[in-house]
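The values are calculated or read from the model by the stated rules, or taken from the named source; none is laboratory data. Keep in mind that what you see is a predicted model, and the values were worked out from it rather than measured. So basically every Cβ, Gly included, is an ideal-geometry build from the backbone, and we count neighbours across all protein chains shown. In case anyone asks, the SASA skips ligands and DNA or RNA and just uses the protein heavy atoms, side chains included. Shrake-Rupley method; radii C 1.70, N 1.55, O 1.52, S 1.80 Å.
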Amino acid sequence: MHKKYAVLGMDIEDWYHLDYFDKEKCDQSESTLDGISIYLDILDTYNIKTTFFVVGELVEKLKGTLKQIINQGHEIALHSHSHRRPLTMSIEEYKQDTGKNIREIRDLLGYNAIGYRAPCFSMDRERLEILEDLNLHYDASHIKFSDHKLYGHLDLTGFTPVRNDILKRNDFFEFETSTLPLKNKNIPISGGGYLRIFPWILTKYLLNKYVKLNKNYFFYIHPFEFSKNYNIKTPSGTSFATNLRFRLGRKSVEKKMHRLIQLLKERQYEFVRFEDLVNKQGA
Ligand SMILES: [Zn+2]
(Lines give C-alpha, C1' and ligand atoms only; values in the text may rest on other atoms or scores of the structure.)
Protein backbone atom coordinates (compact mmCIF):
# COMPACT_ATOMS: atom_id res chain seq x y z
CA MET A 1 0.00 0.00 0.00
CA HIS A 2 1.18 3.49 -0.82
CA LYS A 3 2.16 5.67 2.06
CA LYS A 4 0.41 8.95 2.72
CA TYR A 5 2.46 12.12 2.34
CA ALA A 6 1.86 15.70 3.41
CA VAL A 7 3.93 18.74 2.40
CA LEU A 8 3.19 21.72 4.65
CA GLY A 9 5.03 24.30 2.53
CA MET A 10 5.46 28.02 3.07
CA ASP A 11 5.75 30.68 0.39
CA ILE A 12 8.20 33.23 1.80
CA GLU A 13 6.98 36.62 0.68
CA ASP A 14 6.03 39.77 2.59
CA TRP A 15 2.55 41.29 2.94
CA TYR A 16 3.19 43.81 0.15
CA HIS A 17 3.80 40.97 -2.32
CA LEU A 18 0.16 39.86 -2.03
CA ASP A 19 -1.60 40.22 -5.37
CA TYR A 20 -4.46 42.20 -3.85
CA PHE A 21 -2.24 45.12 -2.80
CA ASP A 22 -0.51 47.59 -5.11
CA LYS A 23 3.08 47.03 -3.99
CA GLU A 24 4.18 50.57 -4.87
CA LYS A 25 1.53 52.04 -2.55
CA CYS A 26 2.51 49.84 0.42
CA ASP A 27 4.75 51.02 3.26
CA GLN A 28 7.49 48.45 2.68
CA SER A 29 9.27 49.35 5.91
CA GLU A 30 6.48 47.38 7.61
CA SER A 31 7.09 43.63 7.53
CA THR A 32 5.26 40.43 8.40
CA LEU A 33 8.29 38.19 8.00
CA ASP A 34 8.29 37.54 11.79
CA GLY A 35 5.75 34.86 10.81
CA ILE A 36 8.58 32.67 9.46
CA SER A 37 10.07 31.93 12.88
CA ILE A 38 6.62 31.30 14.35
CA TYR A 39 6.03 28.67 11.67
CA LEU A 40 9.51 27.19 12.13
CA ASP A 41 8.77 26.72 15.84
CA ILE A 42 5.49 24.92 15.05
CA LEU A 43 7.25 22.62 12.55
CA ASP A 44 10.04 21.99 15.06
CA THR A 45 7.52 20.88 17.72
CA TYR A 46 6.64 17.92 15.51
CA ASN A 47 10.08 17.53 13.89
CA ILE A 48 8.53 18.26 10.49
CA LYS A 49 10.78 19.13 7.53
CA THR A 50 9.18 21.03 4.67
CA THR A 51 9.71 23.17 1.56
CA PHE A 52 10.03 26.96 1.66
CA PHE A 53 9.41 28.72 -1.68
CA VAL A 54 11.35 31.98 -1.53
CA VAL A 55 10.87 35.31 -3.32
CA GLY A 56 14.37 36.15 -4.53
CA GLU A 57 14.42 39.84 -3.65
CA LEU A 58 14.09 38.87 0.05
CA VAL A 59 17.10 36.53 0.10
CA GLU A 60 19.69 39.19 1.02
CA LYS A 61 17.53 40.53 3.88
CA LEU A 62 16.69 37.03 5.15
CA LYS A 63 20.09 35.44 4.64
CA GLY A 64 20.49 34.43 8.31
CA THR A 65 16.98 32.98 8.59
CA LEU A 66 17.26 31.11 5.30
CA LYS A 67 20.62 29.60 6.30
CA GLN A 68 19.00 28.47 9.55
CA ILE A 69 16.11 26.96 7.54
CA ILE A 70 18.62 25.01 5.41
CA ASN A 71 20.63 23.90 8.46
CA GLN A 72 17.44 22.59 10.07
CA GLY A 73 16.96 20.27 7.10
CA HIS A 74 14.21 22.07 5.22
CA GLU A 75 14.21 22.54 1.47
CA ILE A 76 14.50 25.92 -0.28
CA ALA A 77 12.73 26.35 -3.62
CA LEU A 78 11.84 29.24 -5.93
CA HIS A 79 8.89 31.64 -5.79
CA SER A 80 10.06 34.16 -8.47
CA HIS A 81 12.29 37.22 -8.09
CA SER A 82 9.74 39.82 -6.99
CA HIS A 83 6.38 38.00 -7.01
CA ARG A 84 5.22 39.27 -10.41
CA ARG A 85 2.64 36.89 -11.87
CA PRO A 86 4.29 34.82 -14.61
CA LEU A 87 1.34 35.15 -17.00
CA THR A 88 1.77 38.95 -16.96
CA MET A 89 5.35 38.61 -18.21
CA SER A 90 6.60 37.84 -21.71
CA ILE A 91 8.34 34.47 -22.10
CA GLU A 92 11.71 36.20 -22.24
CA GLU A 93 10.96 38.23 -19.09
CA TYR A 94 9.81 35.06 -17.36
CA LYS A 95 13.02 33.28 -18.25
CA GLN A 96 15.09 36.21 -16.90
CA ASP A 97 12.99 36.39 -13.72
CA THR A 98 13.33 32.70 -12.93
CA GLY A 99 17.03 32.67 -13.78
CA LYS A 100 17.53 35.58 -11.37
CA ASN A 101 15.64 33.70 -8.64
CA ILE A 102 17.93 30.66 -9.14
CA ARG A 103 21.07 32.82 -8.92
CA GLU A 104 19.89 34.78 -5.86
CA ILE A 105 19.49 31.53 -3.95
CA ARG A 106 22.65 29.92 -5.31
CA ASP A 107 24.96 32.93 -4.94
CA LEU A 108 23.75 34.21 -1.55
CA LEU A 109 23.01 30.90 0.15
CA GLY A 110 25.21 28.44 -1.75
CA TYR A 111 22.10 26.36 -2.39
CA ASN A 112 20.88 24.75 -5.62
CA ALA A 113 17.09 24.88 -5.68
CA ILE A 114 15.34 22.23 -7.78
CA GLY A 115 11.70 23.29 -7.42
CA TYR A 116 9.42 26.20 -8.23
CA ARG A 117 6.00 27.55 -7.34
CA ALA A 118 4.54 30.42 -9.37
CA PRO A 119 3.08 33.44 -7.59
CA CYS A 120 -0.73 33.03 -7.58
CA PHE A 121 -0.44 29.63 -9.34
CA SER A 122 -0.03 31.71 -12.53
CA MET A 123 1.44 29.12 -14.89
CA ASP A 124 1.01 27.70 -18.37
CA ARG A 125 2.69 25.01 -20.45
CA GLU A 126 5.14 27.36 -22.21
CA ARG A 127 6.46 28.68 -18.91
CA LEU A 128 6.53 25.20 -17.43
CA GLU A 129 8.90 24.10 -20.18
CA ILE A 130 11.22 27.00 -19.31
CA LEU A 131 11.56 25.54 -15.82
CA GLU A 132 12.72 22.29 -17.42
CA ASP A 133 15.16 24.21 -19.66
CA LEU A 134 16.60 25.84 -16.52
CA ASN A 135 17.30 22.35 -15.12
CA LEU A 136 14.72 22.46 -12.36
CA HIS A 137 13.15 19.13 -11.39
CA TYR A 138 9.66 20.06 -10.31
CA ASP A 139 6.88 22.63 -10.33
CA ALA A 140 4.14 23.01 -7.71
CA SER A 141 1.97 25.61 -9.48
CA HIS A 142 -0.92 23.41 -10.53
CA ILE A 143 -4.30 23.85 -8.87
CA LYS A 144 -7.77 22.85 -10.08
CA PHE A 145 -9.64 25.88 -8.90
CA SER A 146 -11.18 27.56 -11.90
CA ASP A 147 -13.14 30.20 -9.96
CA HIS A 148 -10.07 32.25 -9.07
CA LYS A 149 -9.47 34.74 -11.85
CA LEU A 150 -5.72 35.09 -11.29
CA TYR A 151 -4.83 31.41 -11.48
CA GLY A 152 -3.52 30.02 -14.73
CA HIS A 153 -4.58 27.00 -16.72
CA LEU A 154 -1.91 24.41 -17.15
CA ASP A 155 -1.91 21.96 -20.06
CA LEU A 156 -0.25 18.76 -18.85
CA THR A 157 -0.51 16.70 -22.05
CA GLY A 158 2.28 14.13 -22.10
CA PHE A 159 2.57 14.01 -18.32
CA THR A 160 1.58 10.73 -16.70
CA PRO A 161 0.12 10.47 -13.22
CA VAL A 162 2.39 8.82 -10.65
CA ARG A 163 -0.31 9.29 -8.03
CA ASN A 164 -3.56 11.20 -8.24
CA ASP A 165 -1.89 14.58 -7.68
CA ILE A 166 1.69 13.95 -8.84
CA LEU A 167 2.43 13.90 -12.55
CA LYS A 168 5.67 13.20 -14.33
CA ARG A 169 7.21 13.70 -17.76
CA ASN A 170 10.76 12.41 -18.27
CA ASP A 171 12.47 13.48 -15.02
CA PHE A 172 10.25 16.47 -14.35
CA PHE A 173 7.46 16.39 -11.75
CA GLU A 174 4.29 18.43 -11.40
CA PHE A 175 2.62 18.59 -7.97
CA GLU A 176 -1.03 19.56 -7.80
CA THR A 177 -2.11 21.66 -4.84
CA SER A 178 -4.91 19.93 -2.96
CA THR A 179 -8.54 20.79 -3.58
CA LEU A 180 -11.69 18.91 -2.65
CA PRO A 181 -14.32 18.37 -5.37
CA LEU A 182 -17.68 19.15 -3.83
CA LYS A 183 -20.89 19.78 -5.76
CA ASN A 184 -19.17 20.62 -9.08
CA LYS A 185 -16.74 22.97 -7.40
CA ASN A 186 -13.20 22.46 -6.22
CA ILE A 187 -12.87 23.67 -2.65
CA PRO A 188 -9.30 24.82 -1.97
CA ILE A 189 -8.62 23.19 1.36
CA SER A 190 -4.88 23.61 1.15
CA GLY A 191 -4.20 27.31 1.65
CA GLY A 192 -3.38 29.26 4.79
CA GLY A 193 -6.12 31.74 3.85
CA TYR A 194 -8.80 29.07 4.10
CA LEU A 195 -7.34 27.75 7.35
CA ARG A 196 -7.60 31.29 8.78
CA ILE A 197 -11.03 32.15 7.45
CA PHE A 198 -12.98 28.89 7.74
CA PRO A 199 -14.01 27.90 11.28
CA TRP A 200 -11.98 24.86 12.40
CA ILE A 201 -15.09 22.68 12.49
CA LEU A 202 -15.61 23.27 8.74
CA THR A 203 -11.93 22.72 7.88
CA LYS A 204 -11.96 19.52 9.89
CA TYR A 205 -15.07 18.27 8.08
CA LEU A 206 -13.58 19.05 4.65
CA LEU A 207 -10.19 17.57 5.54
CA ASN A 208 -11.74 14.36 6.81
CA LYS A 209 -13.58 14.05 3.50
CA TYR A 210 -10.36 14.81 1.61
CA VAL A 211 -8.11 12.32 3.42
CA LYS A 212 -10.53 9.49 2.68
CA LEU A 213 -10.04 10.14 -1.05
CA ASN A 214 -6.41 11.20 -1.28
CA LYS A 215 -3.03 9.92 -0.19
CA ASN A 216 -1.22 13.24 -0.61
CA TYR A 217 -1.92 16.58 0.98
CA PHE A 218 -0.10 19.65 -0.36
CA PHE A 219 -0.62 22.71 1.80
CA TYR A 220 0.77 26.25 1.58
CA ILE A 221 0.84 29.18 3.99
CA HIS A 222 2.55 32.58 4.14
CA PRO A 223 4.53 34.46 6.82
CA PHE A 224 1.90 37.23 7.10
CA GLU A 225 -0.69 34.70 8.25
CA PHE A 226 1.34 34.01 11.43
CA SER A 227 2.73 37.54 11.86
CA LYS A 228 2.13 39.41 15.11
CA ASN A 229 2.40 42.73 13.28
CA TYR A 230 -1.34 43.38 13.36
CA ASN A 231 -1.20 47.15 12.94
CA ILE A 232 0.02 47.51 9.37
CA LYS A 233 -1.71 50.32 7.52
CA THR A 234 -2.85 48.96 4.17
CA PRO A 235 -2.78 51.48 1.26
CA SER A 236 -5.59 54.05 1.24
CA GLY A 237 -8.45 52.91 -0.94
CA THR A 238 -8.03 49.25 0.05
CA SER A 239 -11.52 47.79 0.13
CA PHE A 240 -13.18 46.51 3.29
CA ALA A 241 -13.28 42.99 1.81
CA THR A 242 -9.54 43.05 1.02
CA ASN A 243 -8.67 44.31 4.51
CA LEU A 244 -10.81 41.56 5.98
CA ARG A 245 -9.14 38.93 3.81
CA PHE A 246 -5.73 40.21 4.94
CA ARG A 247 -6.52 40.33 8.67
CA LEU A 248 -9.16 37.69 9.37
CA GLY A 249 -8.23 34.73 11.53
CA ARG A 250 -4.56 35.61 11.99
CA LYS A 251 -4.80 35.42 15.77
CA SER A 252 -6.22 31.89 15.72
CA VAL A 253 -4.16 30.42 12.89
CA GLU A 254 -1.36 29.04 15.09
CA LYS A 255 -3.86 27.00 17.08
CA LYS A 256 -5.53 25.77 13.89
CA MET A 257 -2.14 24.85 12.40
CA HIS A 258 -1.46 22.57 15.39
CA ARG A 259 -4.89 20.97 14.92
CA LEU A 260 -4.26 20.46 11.21
CA ILE A 261 -0.93 18.75 11.91
CA GLN A 262 -2.48 16.58 14.63
CA LEU A 263 -5.31 15.54 12.31
CA LEU A 264 -2.85 14.52 9.58
CA LYS A 265 -0.70 12.66 12.12
CA GLU A 266 -3.72 10.72 13.38
CA ARG A 267 -4.44 9.75 9.77
CA GLN A 268 -0.85 8.40 9.43
CA TYR A 269 0.47 11.04 7.04
CA GLU A 270 4.23 11.28 6.73
CA PHE A 271 5.49 14.87 6.53
CA VAL A 272 8.00 15.38 3.73
CA ARG A 273 9.60 18.00 1.49
CA PHE A 274 8.75 18.10 -2.23
CA GLU A 275 12.31 17.07 -3.04
CA ASP A 276 11.79 13.86 -1.03
CA LEU A 277 8.86 13.00 -3.31
CA VAL A 278 11.04 13.69 -6.38
CA ASN A 279 13.74 11.40 -4.93
CA LYS A 280 11.16 8.71 -4.17
CA GLN A 281 9.98 9.12 -7.82
CA GLY A 282 6.63 10.15 -6.43
CA ALA A 283 6.15 6.75 -4.78
ZN1 LIG B 1 3.15 33.92 -3.39
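Restricting to segment 79-105, name every residue that is touching a His at 6+ places or on another chain (Cβ under 8 Å), without any contact (Cβ under 8 Å) to a residue 60 or more places away in the chain, among the polar types (S, T, N, Q) and open to solvent by 10 Å² or more (accessible area, probe 1.4 Å).
none
Name the residue that is farthest from the ligand (Cβ to nearest atom), counting only residues in segment 123-136 that are among the charged types (D, E, K, R) and in contact (Cβ under 8 Å) with a residue 40 or more places away in the chain.
E132
Considering K144, K168, which residue is charged (D, E, K, R), away from the ligand (no atom under 16 Å from the Cβ) and at pLDDT below 85?
K144
Quick one: count up the residues across segment 82-100 that are touching a helix residue (DSSP H, G or I) at 6+ places or on another chain (Cβ under 6 Å) and either under 13 Å from Y111 (Cα atoms) or within 12 Å of the ligand (Cβ to nearest atom) (or both).
The number of residues fulfilling the criteria is 4.
With respect to N112, determine if the residue is more than 19 Å from E13 (Cα to Cα) and part of a loop (DSSP other than H, G, I, E, B).
yes
Looking at segment 111-122 only, could you name the residues that are crowded, with 22+ Cβ neighbours inside 10 Å, more than 12 Å from the ligand (Cβ to nearest atom) and hydrophobic (A, V, I, L, M, F, W, C)?
Within segment 111-122, just A113 meets the criteria.
Is it the case that some residue within segment 60-70 is surrounded by fewer than 23 Cβ atoms within 10 Å (Cβ to Cβ), within 16 Å of the ligand (Cβ to nearest atom) and assigned to a loop (DSSP other than H, G, I, E, B)?
yes
For segment 45-59, what are the residues that are open to solvent by 20 Å² or more (accessible area, probe 1.4 Å) and away from the ligand (no atom under 16 Å from the Cβ)?
Selection gives T45, Y46, N47, K49.
If a residue has to be under 15 Å from Y46 (Cβ atoms) and open to solvent by less than 10 Å² (accessible area, probe 1.4 Å) to count, how many in segment 264-283 make the cut?
Total satisfying the criteria: 2.
Does segment 6-34 hold any residues that are away from the ligand (no atom under 13 Å from the Cβ), open to solvent by 10 Å² or more (accessible area, probe 1.4 Å) and either outside any loop (DSSP other than H, G, I, E, B) or in contact with a strand residue (DSSP E or B) (Cβ under 9 Å, 6 or more places away or on another chain) (or both), and which are they?
E24, K25, L33
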